[in-house]
Amino acid sequence: MQVAQVIVDVPTRQTNSPFSYSIPDHLADQIQPGMRVQVPFGHRKITGFIVGITDSSSFDGKLKPIADLIDLYPVINPELLDLAQWLADQTYSFKISCLQTMLPGGMRTKSKKKLIAKNQQICTKYPEIFHGEPEIEYDRQQFDNQTLAEILKLQKMGDIRVEYNLTNHARPIMLKAYSGNLDQQEIQAALKTVRKNAIGQIKLLKTLSQHPNDTLLLTKWESMGVTAGTLKTAEKKGWVSATLKRHVRNPFLREVAPTKPFELQPDQQKAVSSIEKAVSQKKDQVFLLEGVTGSGKTEVYLQSIAHALAMGRTALMLVPEITLTPQIVGRIRSRFGDQVAMLHSAMSSGERYDEWQRINQGKAKVVVGVRSAVFAPLTNIGLIIMDEEHDSSYKQADNPRYQTRDVAKWRAAYNHCPVVLGSATPSLESRARAMKGVYTLLSLPHRINQHALPHVSIIDMKTEMAKHHSALSTKLADAIQVRLDKHEQVILLLNRRGYSAFLMCRDCGYVPRCPNCDISLTMHKDTHTLNCHYCGHKEPVPTVCPKCHSKRIRFYGMGSQQLEEQVKNMFPTARVLRMDVDTTRKKGSHEAIIDKFGAHKADILLGTQMIAKGLDFPEVTLVGVLNADSALQFPDFRSSERTFELLTQVSGRSGRADKTGEVIIQTFNPDHYAIQLAKTQDYEKFYATEMRVRHDGKYPPYYYTVKLTGNSPSENQTASEMFGIMNFLKKNLSPNAIILGPTPKTITRINNHYYYQIIIKYRKEPHLKATLDDILVQSQKKQRQGLQIAIDNEPLDFM
Ligand code: ADP
Ligand code: ZN
Ligand code: ZN
């Protein structure tokens, strides 16, 4: 008898190991690990993942049989099943959450499926399945057990393809399009009738003559200079007909012309050769590729990927959330065309599933994506690349709290392939590993074309503020004016962390706060509301102080909206674009802003961190950073590193082409080493200085860290439970472990829950894992009283 090992969808410690179920005879030999099933559990039926199949069980009593099959093929491959197991262990999370993380969002157990016959022969040979149709919707009720077994067998042999239908809920998007009604002769005749200055109509007729049989989307017409008005007129004349064209889901949105690899510079050549060697030798070596912006890292990635493909293997390239711009995707597609699949959180679940499917079927050989793409179902991976490896978006903040870098290294070991970590400012952890020889350091010390690094100056805002109350220093304002006069472009960065507009009464000092959280409300001018960024609470902006009834209630601080207003007031003729979470919420808007700025349809782009990375605009010759140090005041030992990274990144945005760039950094801490060293872009010195700070403070990379967070609706309960945990840790860990806390978190109350945390710093603690597992088991029992405990291994956020 065959027995299936099933991880059931009940996230508790007790159900974290597989349960055994017998496999009904008709499904024997057809069920595979990685498929989802329905199983009886207590009095209910629940779903679960098959993680293994054994021949008999040590289980003595009668096993319950699997009730039904959800997937007709394994949705998780053997590698990812192993990875889920490791991930659960590594991140102190439930196996079920890790398994679910492997699947593209939206692939629900209730999703409808289609069965597609490989060819006509299959279709005719199995009328009981297909009834003569090439594809059918799969409905379990319509098939008896025997037919189901048959379907599974055919699927396994590749005669039937199964696809999930994630488009059910979304109506197809129909876009306006026009097609021509004239033949070439009629076009020529029409051309003679139009006035010489009717440029739109002439363009339209010429386009018709070039695309005689095409139905072109309105947007396409517009991109060729033919307006909607011109088309309407032409429609009345009978030249064209309007129709609707189905929008084809395409995450790339635009065509890309192929490009050829560059001839490599000597440093690039050295890097590529080392990486290629590891690919060829199937070595899971980790490289750290260090090089400032513009030093040619991306070209190294592209040529190394080409080598992996030439060896018949696949490649995975990871990029941070906000740098997955059309620019970088375009460069990759220009080399590898349709072999590229993209995975991004801004894609709809349908788009993501389509890409996932192409990867799963082996059609896509190169995957480019953000954090979660590290779970792409690629097989036979020959190379993994992680661009901007220091970026904090690589760490998942929720369960399972994984660090992408660790997952990438795990997959590299499994697939016997190298990993390339690239950065201008490597994380201290990675750089320290490279110094110890754990990673291989490759460096690109020069900018391609020998472009000089931009000139950086630092403005002390303490003296500026004594003179006037503008967000822009005199020097920065003057520099902007110079660029506007020369028709060059400017980027202004507002470092948003912990910096936003709030309301305060000038007479009594009253600040409106969230009723549910310990935090002041943020002013949103577009909706004219005060919002809480933690729980979503919203209220209207008061016109008089609720406390003293004074009318002098004003807002302070500066959000990007306020900055935009100020800049527009100071430079009334400048065309200003703003990019922040508010202006990029709508799909495609991020891209639209980049396109517009790239086409020089705006003079100033201002925004938050989003604009600091990955963008390449040759006309930008000035970058202003308005508040370089707002992150420095954060009680987080990584704040210097983040500040240095950000300033280095943003400086790389200035002067990318043949014009030399200038960077102006405004700060209240002009002497801080992170700011001084960012001025000279001296990573080496920053590394040395910061390592000393970390050493003295007993921080990573000298120490490992774990964060435990507890929350409950009662502050007393949270505090006393956390003190209990601290005592338990003290009893079980060695005296060398440093246990900090429990302390209330910086924002103690969120949504009426009270948060406390404990930080553990350690070098070697053989009992740590068992102790933390124990704490999780204990905490499960307390969950009913509202207490939640979360463990974050190597957290990035210490507040
Ligand atoms: P990075 O990724 O380090 O910022 P890129 O790979 O984007 O650097 O290179 C910067 C610029 O130099 C790009 O415009 C790229 O097309 C160009 N480039 C890169 N390598 C070469 C090369 N070997 N020869 C000529 N141009 C190159
Ligand atoms: Zn007041
Ligand atoms: Zn709130």
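Descriptive notes on the structure:
- Gain on full extension, evaluated as 0.36 nm per residue between Thr54 and Leu740 minus their Cα-Cα distance, stands at 242.4 nm.
- Dipole of the chain, positive direction: furthest Cα of Ala413, Trp221, Thr101, with charges on the beta-carbon: Trp221
- For Tyr534 and Asn716, the FRET efficiency from 1/(1 + (r/R0)^6), where r spans their Cβ atoms and R0 equals 30 Å, is about 0.85.
- Spacing of the two label points (7 Å from each Cα toward its C-beta) at Gln85 and Arg13, in nm: 2.2
- Secondary-structure-derived ellipticity at 222 nm for the chain, considering helices only, amounts to -10000 deg cm²/dmol, per-run term -39500 (n - 2.57) for DSSP H runs with n ≥ 4.
- A DSSP coil position with no more than 14 other Cβ atoms inside 10 Å describes the following trypsin sites (Lys or Arg not before Pro) in region 81-158: Arg108, Lys110, Lys118.
- Neighbourhood net charge (13 Å Cβ-Cβ; Lys/Arg +1, Asp/Glu -1) for Trp221: +3
- The charge dipole of region 263-375, taken about the Cα centre with unit charges on the Cβ atoms of Lys, Arg (+1) and Asp, Glu (-1), comes to about 280 debye, rounded to the nearest 20.
- Placing +1 on the Cβ of every Lys and Arg and -1 on the Cβ of every Asp and Glu, with nothing else charged, gives the chain a dipole about its Cα centre of roughly 1180 debye.
- Those residues of region 10-31 whose amide nitrogen sits under 15 Å from the label point placed on Lys156, 7 Å along Cα→Cβ: 23-31
- The mean sequence separation of alpha-carbon pairs under 8 Å and at least six residues apart, normalised by the residue count of region 1-128, gives a relative contact order of 26 percent.
- Sparsely packed loop sites in region 733-799 (the trypsin sites (Lys or Arg not before Pro) outside DSSP H, G, I, E and B with at most 13 other Cβ atoms within 10 Å) comprise Arg763, Lys764.
- Selected from Gly52, Ser304, Pro258, residue furthest toward positive end of dipole (the chain; charges at beta carbon): Pro258
- Listed residue (Pro713, Ile151, Phe502) projecting farthest to the positive dipole end of the chain, Cβ model: Phe502
- Under 23 Å of direct C-alpha separation, and excluding same-chain neighbours fewer than eight residues apart, Lys245 reaches these lysines: Lys176, Lys203, Lys206, Lys220, Lys232, Lys236, Lys237, Lys586, Lys587.
- Over 27 Å between alpha carbons, listed pairs Lys395/Lys568; Lys95/Lys782; Lys112/Lys153: Lys395/Lys568
- Computed over the chain: relative contact order in percent, which uses C-alpha pairs under 8 Å that are six or more apart: 10
- DSSP beta bridges confined to the chain are antiparallel in about 60 percent of cases.
- As a proxy for reagent exposure, Met157, Met107 were ordered by neighbouring Cβ count within 10 angstrom, fewest first; the result is Met157, Met107.
- Once the Cα-Cα distance is subtracted from the 0.36 nm per residue extended length, the Asp582 to His468 segment shows a gain of 38.1 nm.
- Anchor Lys601: aspartates and glutamates whose Cα lies under 18 Å away (excluding residues fewer than 8 positions away in-chain): Glu222, Asp485, Glu488, Glu564, Glu591, Asp616, Glu619
- As a proxy for reagent exposure, Cys417, Cys545 were ordered by neighbouring Cβ count within 10 angstrom, fewest first; the result is Cys545, Cys417.
- Counted residue by residue at 0.36 nm each, then reduced by the alpha carbon distance between them, the extension gain from Lys525 to Asp139 reaches 133.8 nm.
- Once the Cβ-Cβ distance of Arg575 and Lys270 is raised to the sixth power relative to R0 = 45 Å, the FRET efficiency obtained is 0.55.
No value in this document is a laboratory result; all are computed from the given coordinates. Since the structure is predicted, the reported quantities are computational estimates derived from the model, not experimental observations. Cβ sites come from the backbone with ideal geometry, for glycine too, and all protein chains shown count toward neighbours.
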